[in-house]
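A.B. asks: Sharing a structure with you now.
We did not get these values from a lab; they are worked out from the coordinates using the rules stated. Note that the coordinates shown come from a computational prediction; the quantities given were computed from them, not determined experimentally. Please note: Cβ atoms are built from the backbone with ideal geometry, for glycine as well, and neighbour counts cover all protein chains shown.
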Amino acid sequence: MKVEMNDIVAIAKRRGFIYPGSEIYGGLANTYDYGPVGTELLRNIKNLWWEYFVQRRDDVVGLDASLISHQAVWNASGHTSGFADALIDCKNCQLRMRADHLIEDYITLLNDQNLETGIQNLTSIHHDKRFSIIKTRKVEGLSSEEITLILQKFKIPCPKCSEHAWTEVRKFNLLFPVNMGIVEGDQSLAYLRGETAQGMFINFKNVMDSTRVKLPFGIAQLGKSFRNEITPGNSVFRTLEFEQGEIEYFFDPEKSNWEELFENWKVTMWSFATEVLGVKAENLRWREHTDDERSFYSKRTEDMEYQFPFGFKELWGLAYRTDYDLSQHEQHSKKDLKVVDSQSGTKVLPHVIEPAVGINRLLLMVMCDAYEKTEKRTVLKLHPRLAPFKVAVFPLLSNKEELVGKARKVYDDLKKHFTVAFDDRGNIGKRYLYQDEIGTPFCVTIDFDTLEDDTVTVRDRDSMEQKRIVIKDLSSYLTSQINEKM
Ligand code: GAP
């Protein structure tokens, strides 16, 4: 059965993965809080990302830059002038939307013939752009006038009230300004970072000067970014604050072939998603950005997309950003950011390839990918590496001291090796169903036979098979079973 977004949102709330932000005060749009198991899942994904992309490599080093940064950083990067979405409001019901998303959602549903005829009639849009819209059904890179034209031509209705009564298209900057100190004004203006990437560029020289790195090498960062996003819905797919995992991979374009590096990064990203996170390859694909869509400084951009319940959407971007960012920061800061080649003595401004992913999108992806619902149960078949708890321990009855004491002992022993949950509420069937929904791969029950022969029942989440295992072998049995699932 195809997974629906409503199912994911429901299980996320019901079982403590994701709660709507500020909920007891009526909620705050596009913000979310992670509950007890969501926090574990998020942490597992971040740890795996860090281990795979930083700790296991000898050509990537880590960074943890400030969330608040100087306004000059964002002037240099182009975010204060160019980092904007086109917004419109419905005059009838006041729904505020990103115009590009409204159009894309609408034209996705048109048949090829209607889309082609409609778009080809808009001759004031350059014919390459028209071709790109028809081919990709994406409208990134269009001007406000071009967006307005499409809205009018297709008489796109409001998804909430069905009226076609849109305001003018307005550009809205995504950066979150913050005022430092007590005096408001230009001097005190700073920004919450809109991407982690700029931290790597402004610290490039610091890292070069303070470590033993040499080109080619990457600087990686995992942390929060902030964007004043308008689009509502789809849980944590697009939010105001989110966690990014980004790597700026610096290289000398004279010595490294960017196309080769680009292909290598594609392979690495793909294997992280399929092998480390265990996501089904058939739900992933690559999509190359068209010329109109790509930032002007990028030579190539490809998105790894995942088939979410609301369609194939960007999960992870890979961009060859040339030397754009370092050269912008050189110009604005008046600091020399070039590297001296140790052999030739010549100076080079490194180019960069950037894999950039949203950790919260990875979390939403693994939840969607793992979700299975049958008549009997709902189960999250999370990869054991990701599961918030690897094992749950139950005493058969909560009012029998011998059983509870023995279960506590088993729990304490297993905790030395795994993340373990303890549950003595309700009947065993209900406890299994609960653990299935939070993705726990194994449940261990302590019953009256345990008191006689020191064996326990181990129940497998996926096959639902049960086995009796002697307690002294339990930890090694579970380790081998978990490894088998990996
Ligand atoms: N430094 C390049 C950069 O930030 P991006 O495509 O804007 O590129 C990279 O963002 C990734 O961050 C996206 O592929 C997506 O996974 C995630 N992301 C971006 N905006 C997001 C948002 N508002 N909420 C959640 N994740 C977001």
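A.B. asks: Out of segment 16-110, which trypsin sites (Lys or Arg not before Pro) are coil in DSSP terms and have no more than 15 other C-beta atoms within 10 Å?
C.D. replies: Answer by residue number: Arg56, Arg57, Lys91.
A.B. asks: Using a 10 Å cut-off on Cβ atoms, rank the peptides 460-469, 126-135 from the highest mean neighbour count down.
C.D. replies: Descending mean neighbour count gives 126-135, 460-469.
A.B. asks: Something else: Of the listed pairs Lys280/Lys409; Lys13/Lys467; Lys13/Lys160; Lys214/Lys334; Lys381/Lys467; Lys400/Lys467, which have alpha-carbon separations greater than 28 Å here?
C.D. replies: Lys280/Lys409; Lys13/Lys467
A.B. asks: List the GluC sites (Glu not before Pro) within segment 248-294 that fall in a DSSP loop (any state other than H, G, I, E or B) and whose Cβ has at most 11 other Cβ atoms within 10 Å.
C.D. replies: Listed in order of number, the matching sites are Glu254.
A.B. asks: Amide H neighbours of Lys91 under 5 Å, counting only residues 5+ apart in sequence or on other chains, H built in-plane at 1.01 Å?
C.D. replies: Those lying under 5 Å, H to H, from Lys91 are Ala165, Trp166, Thr167.
A.B. asks: List the trypsin sites (Lys or Arg not before Pro) within segment 253-337 that DSSP assigns to loop and that have no more than 12 neighbouring Cβ atoms inside 10 Å.
C.D. replies: Lys255, Lys280, Lys334, Lys335
A.B. asks: Taking θ = phi - 60°, what integer Hz values does the Karplus form 6.51 cos²θ - 1.76 cosθ + 1.60 yield along segment 409-425, in sequence order, with x for Gly and Pro?
C.D. replies: 5, 4, 4, 4, 5, 5, 4, 5, 10, 9, 7, 10, 9, 10, 9, 10, 9
A.B. asks: Separate question: How far apart, in nm, are the 7 Å Cα→Cβ label points at Val3 and Asp33?
C.D. replies: Here the modelled spin labels are 2.5 nm apart.
A.B. asks: Continuing with the same structure: For Phe176, what residues show an amide H to amide H distance below 5 Å, using hydrogens built from the backbone and excluding near sequence neighbours?
C.D. replies: Leu192, Asn228
A.B. asks: Here is a follow-up. Using the Cα centre of segment 286-415 as the reference point, and only Cβ charges (+1 on K/R, -1 on D/E), how large is the resulting charge dipole? Debye, rounded to the nearest 20.
C.D. replies: Charge dipole, segment 286-415, about its Cα centre: 720 debye, nearest 20.
A.B. asks: Using modelled amide H (1.01 Å from N, peptide plane; none on Pro or chain starts), what sits under 5 Å from the amide H of Val393, excluding residues fewer than 5 places away?
C.D. replies: Amide H neighbours of Val393, under 5 Å, 5+ apart: Ala421, Phe422, Asp423, Val444.
A.B. asks: Which one of Ser480, Leu189, Pro253 has its Cα pushed farthest toward the positive end of the charge dipole of the chain, where Lys and Arg give +1 and Asp and Glu give -1 at the Cβ?
C.D. replies: Of the candidates, Ser480 comes out farthest on the positive side.
A.B. asks: With θ taken as phi - 60° and the coefficients 6.51, -1.76 and 1.60, list the Karplus ³J(HN,Hα) couplings across segment 297-302 in order, rounded to whole Hz; mark glycine and proline as x.
C.D. replies: 8, 8, 8, 8, 9, 10
A.B. asks: Quick check on segment 15-66: what does the Kirkwood estimate of hydrodynamic radius come out to from the alpha carbon pairs, in Å?
C.D. replies: Evaluated on segment 15-66, it is 13.2 Å.
A.B. asks: What Cys residues in the chain are without a partner cysteine, judged by a Cβ distance under 4.7 Å?
C.D. replies: Cysteines of the chain left without a disulfide-compatible partner: Cys368, Cys443.
A.B. asks: Give me a comma-separated list of calculated 3J(HN,Hα) values for segment 65-79, in order, Karplus coefficients 6.51, -1.76, 1.60 applied at θ = phi - 60°, integers in Hz, x for any Gly or Pro.
C.D. replies: 8, 5, 6, 9, 9, 3, 4, 5, 4, 7, 5, 5, 6, x, 6
A.B. asks: In addition: For Cys93 and Phe310 in one chain, what is 0.36 nm times their gap in residues minus the Cα-Cα distance, to one decimal in nm?
C.D. replies: Working: separation 217, 0.36 × 217 = 78.12 nm, distance 2.38 nm.
The Cys93-Phe310 span can extend by a further 75.7 nm.
A.B. asks: Kirkwood Rh, Cα Rg: Rg to Rh for the chain?
C.D. replies: Reported Rg/Rh, Kirkwood definition of Rh: 1.02.
A.B. asks: In debye to the nearest 20, how big a dipole does the chain give about its Cα centre with +1 on each Lys and Arg Cβ and -1 on each Asp and Glu Cβ?
C.D. replies: Numbers: 64 positive and 73 negative charges, 128 e Å.
Roughly 620 debye, rounded to the nearest 20.
A.B. asks: Taking the Cα centre as origin and putting +1 on Lys and Arg beta-carbons and -1 on Asp and Glu beta-carbons, what dipole magnitude results for segment 17-82, to the nearest 20 debye? Could the numbers behind the result be given before it?
C.D. replies: Details: 4 positive and 7 negative charges, 16 e Å.
Dipole magnitude for segment 17-82 comes out near 80 debye.
A.B. asks: Next question, about the same structure. Can you tell which of Asn283, Gln113, Tyr320 lies farthest toward the positive end of the dipole of the chain, using +1 and -1 charges on the Cβ of basic and acidic side chains (Lys, Arg; Asp, Glu)?
C.D. replies: Projecting each Cα onto the dipole axis, the largest value belongs to Asn283.
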